[in-house]
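First the structure, in the form of structure tokens, and then the observations on it.
The values are calculated or read from the model by the stated rules, or taken from the named source; none is laboratory data. Values in this document were obtained by computation on a predicted structure and should not be read as measured data. Cβ atoms come from the backbone with ideal geometry, glycine included; neighbour counts cover every protein chain shown.
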Amino acid sequence: MKSFLLATSFVFFAVLNSQAQCGAGETAVTFVMHTDAWAYENYWQLNLDGTGCNPTPLAEGANLNVGCAGTESDNSPNGYANSTVITEGPFCLTNNTAYELIYVDSYGDGGLVIEVFENGALTHVYSGGGDGNTWTFTIGLSTAPAYDSPCGALEITADGPSLLLNNTDAMAGFGEIAPAGVDCGVYGFWCEGNSTNSIWAKFIPTTNATSFEVTTCNPGTTTDTQVAIYKVTDCSNFETFELVSSNDDMLGGCSSGEYYASQTYTSCLEAGQLYLIQLDGWEGDVGDIELSVHTYSSSISWDALVDGISCPLDKGENGDGSVYPYSVGAGANFTSVWTGPFGYTSNNQYLQNVDPGTYTLTATTGCGEVHTQTFDIVQPEPWMVTTNIILPSCDVNNDAAIEVNVAGATGPYEFSWTDGTGTPLAAANPLTGIGTGIYNMVITDDNECTFPYSFTITDCVGIEEMELASINVFPNPSNGLFTISHDVLTNASWSLYDISGKLIHSERIASGSTSTLVNVTVPAGVYSLRIIAEDMQLQKSVVVE
């Protein structure tokens with residue numbers, strides 16, 4: 001982190017000793033300020049509890065022109081720099097004494113985040129909001145562990161005694177790093193992708209060319225843990241943290257201690273290099289955590305989390321397939337070379353947002369082992385939607401129905417309907433009790449993929465004709481050659497429309513016939529077949545494969 005003070009932005013008073021060495025009964029307190037893009041709006045001051053914002057604080061900082069009144073012109077050059085980190089202190093504050101930290105924002109939208117460190121341990125994180133806040137804390141009463149922050153990490157030795165830690169009163173610092181949230185059992189990731197009650201250990205290997213197992217699967221672990229290992233240059237700057245590996249739930253479950261404890265591995269590490277181990281509870285779980293580090297000399301195996309395409313790619317969409325490879329016995333800091341269909345190549349570690357096809361991975365671990373594996377990305381079957389419309393009777397006009405048959409995509413399916421004005425209708429299939437008009441349907445599958453369809457019912461039929469008329473199409477689906485069986489019709493014709501409502505073909509039906517052969521050459525898809533005769537109209541969906 002950058003650590004500096006702006007000469008025009010702070011004032012120290014004699015009553016407050018700002019030297020690093022504090023006397024008996026005092027604690028060294030440091031405030032780390034994280035500004036947003038409008039830092040000139042911020043002002044803060046420190047007082048004894050109950051004093052309130054006043055002209056003679058123990059200490060103050062940021063833009064003094066804002067002050068307790070919260071006034072300052074737009075785009076003022078005063079105060080802290082935008083989007084940066086400023087360290088104020090250390091201040092020697094009296095133990096068991098309550099202080100109040102007052103924050104004022106001139107614009108009224110907050111934005112300053114303040115971390116409080118007591119003797120180097122993170123004890124409070126305050127996020128400013130609105131016009132400002134007043135936070136009260138008592139020196140020396142925090143129960144946050146000293147290993148709550150990376151720079152206070154406890155050291156652990158490979159193949160030595162385990163560490164027993166507890167994250168009950170721990171917290172995550174501002175902007176604290178965490179592995180991405182992808183899956184609970186995949187090495188290199190966490191399940192949730194953020195830290196809440198994290199604690200830290202440090203590990204400095206004494207030899208090169210050695211892999212290690214880092215685990216909380218031990219009898220002393222009582223909470224659902226997450227673990228991550230980082231190669232670190234500066235413990236106070238998360239930008240220097242390079243992820244080596246991580247895990248949320250141990251593959252197969254832990255047989256000693258908490259079932260959902262964590263276990264991960266490193267590839268060969270650098271002797272003398274600082275590595276930090278981040279420990280957290282899943283979704284805020286807290287409790288005892290027993291950590292151990294052991295030399296790993298067993299064989300390496302590989303697996304992967306493979307996600308196929310979510311939705312059928314029938315309208316030119318891009319694929320969202322992914323492959324997250326991982327190894328048991330090596331770190332997640334491997335390099336990847338990918339090849340795939342149509343000349344696809346990539347050096348990204350993981351395969352993301354790709355189209356269907358076969359992809360080959362060549363992965364090289366930090367110890368130099370090379371692994372090759374092939375993965376298939378598949379997509380769901382195309383949407384296959386057919387409909388059967390029962391026209392309303394002319395003297396009732398509210399007894400029509402639309403029945404929808406669905407296949408493809410990923411079931412189960414949900415239906416939502418609206419009429420021509422956008423008013424929601426009953427979410428049912430078939431949709432019944434309707435008359436002439438426009439009806440809009442959206443089918444949603446189990447992957448949240450959608451299929452919209454609109455219907456227009458413009459005609460009605462007499463009751464006798466509705467009872468007597470029948471229509472059947474076979475085979476359905478077909479290759480474009482199918483038969484329509486029907487009652488004897490007068491002055492009748494059939495018409496075929498595509499999904500957009502465009503007329504594809506139309507012919508008259510021979511008088512006196514009860515079947516009609518249709519032979520059309522059209523692209524695969526869903527079509528609407530409409531038969532019109534005297535005083536009646538019938539409609540069915542047909543599928544061409």
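Name the one entry in V526, V543, V522 that is surrounded by 12 or more Cβ atoms within 10 Å (Cβ to Cβ), modelled with pLDDT of 85 or more and not in a loop (DSSP other than H, G, I, E, B).
When all the criteria are applied, what remains is V543.
What are the residues in region 492-533 that are of a type outside the set (A, V, I, L, M, F, W, C) and within 44 Å of the chain's Cα centre (by Cα), if any?
Those that are of a type outside the set (A, V, I, L, M, F, W, C) and within 44 Å of the chain's Cα centre (by Cα): Y497, D498, S500, G501, K502, P523, G525, Y527, S528.
Can you say whether A178 is modelled with pLDDT of 95 or more, in a loop (DSSP other than H, G, I, E, B) and surrounded by 18 or more Cβ atoms within 10 Å (Cβ to Cβ), as far as the supplied structure shows?
For A178, the condition - modelled with pLDDT of 95 or more, in a loop (DSSP other than H, G, I, E, B) and surrounded by 18 or more Cβ atoms within 10 Å (Cβ to Cβ) - is met.
Which count do you get for residues in region 315-335 that are surrounded by 16 or more Cβ atoms within 10 Å (Cβ to Cβ) and within 30 Å of E381 (Cα to Cα)?
8
Confirm whether N440 is surrounded by 14 or more Cβ atoms within 10 Å (Cβ to Cβ), modelled with pLDDT of 85 or more and part of a loop (DSSP other than H, G, I, E, B).
No, not satisfied.
Please specify each residue of region 333-385 satisfying the condition of being on the phi > 0 side of the Ramachandran plot and touching a Gly at 6+ places or on another chain (Cβ under 8 Å).
F342, N353, G357, listed by residue number.
Condition first: over 32 Å from the mean Cα position of the chain (by Cα), in a strand (DSSP E or B) and hydrophobic (A, V, I, L, M, F, W, C). Now tell me which residues in region 145-163 satisfy that.
Of everything in region 145-163, just one residue is over 32 Å from the mean Cα position of the chain (by Cα), in a strand (DSSP E or B) and hydrophobic (A, V, I, L, M, F, W, C), namely L163.
Going through region 366-382 one residue at a time, which ones are assigned to a loop (DSSP other than H, G, I, E, B) and either among the charged types (D, E, K, R) or over 27 Å from the mean Cα position of the chain (by Cα) (or both)?
Listed by number, the residues that qualify are G366, C367, G368, E369, E381.
Testing P356 on (1) outside the structural domain of G321 (by TED's automatic domain parsing); (2) touching a strand residue (DSSP E or B) at 6+ places or on another chain (Cβ under 6 Å), one condition comes back false. Which one is that?
Of the numbered conditions (1) outside the structural domain of G321 (by TED's automatic domain parsing); (2) touching a strand residue (DSSP E or B) at 6+ places or on another chain (Cβ under 6 Å), the odd one out for P356 is (1).
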